[in-house]
Each structure stands twice: as structure tokens, then as C-alpha cells.
Amino acid sequence: MPEAVSEEIEGLGGGEILARADSLGLVGALAAVAARSTTAPRRLAGLGVELGKILAGRSTVEPEARDWRFANRAWRDHPGFHRLAQSYLAWERVVDQVVADAELDWRTDERARFASRLVTSALSPTNFFPLNPEAVERAWETGGKSVVRGLRNLGRDVRTNHGIPRSVQPGALRVGEELALTPGAVVHRSEVCELIQYRPQTPSVYARPVVLIPPQINKYYFMDLAPGRSFVEFAVRQGFQVFVVSWRNPTSSERQWNLDVYARAALEAVRVAAEVARSATVNSIALCAGGITAAALLGHLAAAGDALVHSATFAVTLLDFAVPTMIGMFGSDAVVRNATRTSERTGVLEGSASRLLFSLLRPNDLVWNYWVNNNLLGEDPPTFDVLTWNADSTRLPAALHADFLDIFHNDSFTRRSLEVLDTPVDLAAVECDNFVVAARNDHLTAWRACYSTTQLLSGPSEFVLSSSGHIQSLVNPPGNPKMTYASGARPGPDPDQWLADAHEARGSWWDAWAAWVAPRSGDERPAPAELGAPGFPAQEPAPGLYVLES
């Protein structure tokens, strides 16, 4: 049904004004809750009863075990802080219940939950110095030095980061020095991307190379973070010839780069990888939004009758935008129109804007956690490779942003309405074997939505469901005893039936992928002594030049 914000709040007065002012549709979603929820009075009455129990010391409200905000012992042991925590949690849960009771369509419901979560997370007592016992204790223990350091951190963030608390210490880890260290070299460079070939680390290699296509909205090296935590390093040590696309960070001068431009650049890079590896075909692996580019390219190749890609892997990639998922909340007419208008005006979608939006999807963990650490406790942000990569985001050119939003809003893959490189894209015509990975706790691309890829493609599918979240499931080296994955069942139309039939294993999906792709990688041959090939000589050493651009 149409979901324009102005329609959602029609009859409440000022709908059109609110729709224009609220670019994400959050005000309209909350107004829809207010208009359609019939349980708010009853829920509020129940909250009043619960508050009475809290004051009397008879309430059983407690934080969830994984809620870091109330881990300090004072929230349990001190009567005042304990009652404060219970009161806040009781209110927070009532807000969640009122939103759920409204029974909105799923996109509006997601926006309403997002908006209410922003409010409730911001008003947590742990975010305010006098109400945070750990911050008060730290100030007492340090003789006030933690307060001085916190104010210094806050002032720095106001001056240099729009007031948003930093998640990492700038410059603590550097690409090419502590990050992205797997040996290799650039063997191809276009205006849009570099192609990096990695040096073999085994005496023999599989004949058919693996080409990794990362998302354009982040730099590729989250798959080559550090020794022992690098998918690239892992794949090379399994005997695969590995090539990685490194996208250039565009400026407003490249505002016209659209999906066609990126698909053409990816096609060129794949052809170069095949020629350098002396193979007629390649195995592709695409991640996150890079999977949209890869899927479009596969559709183009299928329409052209070109079997260049022998097998395709998609990891945490969303191609079916009709399945409910958190990121799908922004697929309304008004939100898409406002987002497109903004990027067209500036020429790019700034990386800082997209990074903040994704952080706000999990505000307690990705915003307020650092607010408390940096500004209330006076600590420096941590030094951690994934957080360093996350802060090193890139821009999206306006044309690609518009194309992504169009695919997203119109569900172009399932409706077969997309054209790329002058050919229609019909994923049902893609018959190569495919390996689809999703993450059980993914807050961006819900696993059931990712599962739909197995139904969109015609080729034989293998589906693997990893534990943890969106990026953690990708940075998932073998050997972590806490990680598991489900696999083994044949993907049918019902994802929950697949899960019921699947087998749980301890470890990383990297191992499952390597076992799946090896028999699809051709014969083994002696590893090449040198990188590159005639016409494609080895140039700058990995990680190349484009990844260093800011």
C-alpha cells in the first residue's frame, strides 16, 4: 500500500508540512502510532501500577543480561539507582509495547520502532553524569580528572565530529601498516576501481580465480583486516587465486557514476582477473551492497549468454526488498524522494552521513556506548580494527545512490524491472551455482530477506546461516569457539523450514565456503612465481592507492 508519510498522518493536521520536514519519515510513523494505537491508556495505567511497585520495592523489572548500561553493581545494590533503573526500563518497555500494539504495515512499524528507540535510548539515565554511578565513582577515584578528560573529549568531538562521540582513536591503526597486510599488488586500475591480485602462499593453486566485490559504501579491507582476521589471507592459504576490487572514493565530480558505471568497471575487473589467472571463468564473491552490483552484472551476463562467472557467492546481501528487514524501513515514497534530492544537491552521499544513520539503528551500542566511555568516564575510544574500518567510510555518487534507492524502493530484482548495460536483469536466468551467507543477528539485512536470494537465482543454491551480526559474521576467522553456523539443508521456499532441517556446526562459514568452492575451482597448478601478466603488470603493492584516498 502507499506509504508516503503525508498519508500516514492524514487527518492529524499539518501532514504535508511534517512529511517535508521529516526526511526519514519518523515523525509520520510516530503520528501513525498515536492515531492507531488503542492500548496506550491501558499501557500507561499499567506503567503507573508498576511504578508503584518499584517505589515499594516489590517490582521484578530487571535489565536483560546483555544490557551493558546497567552492569555496574550500584544499579542492583543501591536502592535509589536500582529504582531509577527499574523505572526507566518499565517505561522503555511500555513504549515498545505501544508501538507494537498499533499493528502498522511493516515499513511504518520499523520506522516507528526506530524513532521510539532513538528517544528511549537517548533518555537512559546512564547517559547523564549525575545519574550514572560508574561515572560518579570514576570522578571520585580520579579526583575529577575523568571529568576534565571527558569535557576535553566532548569539545574535540564538537569541533571535529559534529558532536558525535568517536568510536576509535584517529590514526591509531593505519591501512598498509597495521591493516590490510596480505601481500599482493594492483594489476589493473580504471577510473572507478583497482584490482588487487594477492600473492599465492601455497605451492599450487586452483586454476579458477576468486574475485571479491565489496560494497561501494565502505572500503574493501574489512575482509583483510589483520593477520589471523583476514578472509583474503585465509582464502590465499587455501590455495585460491584471490583478486579483490578496491573502489575509488568518489567526489562530487563523479556524481554521474551510476550502476552502469560500476557494473562495467566490475565486468572489466573480472575479465582482467580471468586473463591474469589464465582461466576462462571466475568464481565471484560479493558482500553487502556489493552484492547488488554483482547481481546486476550476473543478470547482464545471463542476458548476453556469457558464462564468465562460474559460481557466485553472496554474503549478507539483500536482493529481495519486499521481505521485512530493518533497513527496509526507509523504502517509502517520501523518504526515497528526500534522500535522492539531498544527494543530487551535494553530488554525493557523504560517508559520515551513512555511517551515522547505520549507527543510529543500534544507538545504545554504536552511539551511547561511546558517549558514556568518552565523555562521562573520560576514557579514550578503543583501538580496534573493525571500528577503525567502520570509521573509514566512503562517499556514494549521487547517481549510484539514486539507482540503489530505485532498486530498493521498486524491488527491481524480484519484479524484473532493472536494466544494466543495456540488457534486462532477470535473476531467474542466472544458472550458475551459488552460495548464500546470512547472519542470524543481522540488524541491517535480516537473514530471511537474504535467504530469498536462493529463490531468485535458478542455479543450485547452498545457504549458510552464521551466528552474530552483519559485519561480525563476515570478519569470522576459524577457531572462535563462540561462532556457529547452520547449513546442510536444501533451500526451499520457506526459510524457517530450512532452519528446522539445517545442521548446526561450531566454527566459521569461511570453512564451509572453502569446502564448497574448491570443487568449483578447477584443477590445481603450480603457483605463479610473479604477480600480473603480459598487459597487466604488477603495479603498486597491496593495498593499492584508492583505499588510501579520503
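Observations
- Here the accessible area of the chain is 54 percent carbon and sulfur, with a 1.4 angstrom probe and all protein chains present.
- Computed helical MRE - 222 nm, the chain, DSSP H runs ≥ 4 contributing -39500 (n - 2.57), nearest 500: -12000 deg cm²/dmol
- When you filter the trypsin sites (Lys or Arg not before Pro) in the stretch 186-279 for DSSP loop state and at most 15 other Cβ atoms inside 10 Å of their Cβ, you are left with 278.
- Rolling a 1.4 Å probe over the heavy atoms of the protein chains gives the stretch 279-326 an accessible area of 21 Å² per residue.
- FRET efficiency estimate (nearest 0.05) - Cβ-Cβ, residue 380 to residue 322, R0 56 angstrom: 0.80
- In this entry, the chain is assigned a mean projected area of 26.9 nm², taken as a quarter of its C-alpha convex hull surface.
- Projected-area average for the stretch 386-530 over all orientations - Cα convex hull basis, square nanometres: 12.4
- Solvent exposure of the stretch 138-237 as accessible area per residue, Å², 1.4 Å probe: 41
- Between helix 145-160 and the chain there is an angle of about 60 degrees, using the helix long axis and the longest principal axis of the Cα atoms.
- Amide H contacts for residue 123 (H built 1.01 Å from N in the peptide plane; partners 5 or more residues away or on another chain; cut-off under 5 Å): none found.
- For the stretch 427-476: span of alpha carbons on each principal axis (Å, largest first): 31, 18, 12
- For the chain, a crude dipole built from +1 on the beta carbon of Lys and Arg and -1 on the beta carbon of Asp and Glu, taken about the Cα centre, is about 1500 debye to the nearest 20.
- Contact order relative to length of the chain, as percent, for alpha carbon pairs under 8 angstrom and 6 or more apart: 19
- Seen against the Cα atoms of the chain and their longest principal axis, helix 26-36 is set at about 60 degrees.
- The C-alpha radius of gyration of the stretch 209-355, expressed as a fraction of 2.2 N^0.38 Å, stands at 1.13.
- Computed about its Cα centre, the charge dipole of the stretch 353-433 is approximately 360 debye, with only Lys, Arg, Asp and Glu carrying charge at their Cβ.
- Cα long-axis angle, helix 333-346 against the chain (0 to 90 degrees, to the nearest 10): 70
- Once both labels are positioned 7 Å from their Cα atoms along Cα-to-Cβ, the gap between residue 342 and residue 191 label points is 2.8 nm.
- The alpha carbon gyration tensor of the stretch 457-550 gives principal lengths a ≥ b ≥ c with a/c of 1.5 or higher and a/b greater than b/c, which makes the shape prolate.
- The ellipsoid that matches the Cα gyration tensor of the stretch 48-179 has semi-axes, each √(5λ) in whole angstrom, of 32, 25, 13, with the longest given first.
- Residue-normalised accessible area of the stretch 368-473, given per residue in Å² at a 1.4 Å probe: 34
- Taking every Cα-Cα distance in the stretch 368-461 and sorting them into 5 Å bins from zero, the calculated P(r) comes out as 3, 10, 11, 15, 17, 14, 11, 7, 6, 4, 3, 0 percent.
- Its relative contact order, with pairs defined as Cα atoms under 8 Å and 6+ residues apart, puts the stretch 229-366 at 23 percent.
- Grouping the Cα pair distances of the stretch 298-357 into 5 Å bins from zero gives a pair-distance distribution of 3, 12, 14, 17, 16, 15, 14, 8, 0 percent in increasing distance order.
- Where both bridge residues fall in the stretch 282-426, DSSP classifies roughly 40% of the beta bridges as antiparallel.
The values are calculated or read from the model by the stated rules, or taken from the named source; none is laboratory data. Predicted model, so just to flag it, every value in this text is computed and none were measured. When we count neighbours, we look across all protein chains shown, and the Cβ atoms used for this are built from the backbone with ideal geometry, even at glycine. Just the protein is used for accessible areas: all its heavy atoms, side chains included, with ligands, DNA and RNA removed. Shrake-Rupley method; radii C 1.70, N 1.55, O 1.52, S 1.80 Å.
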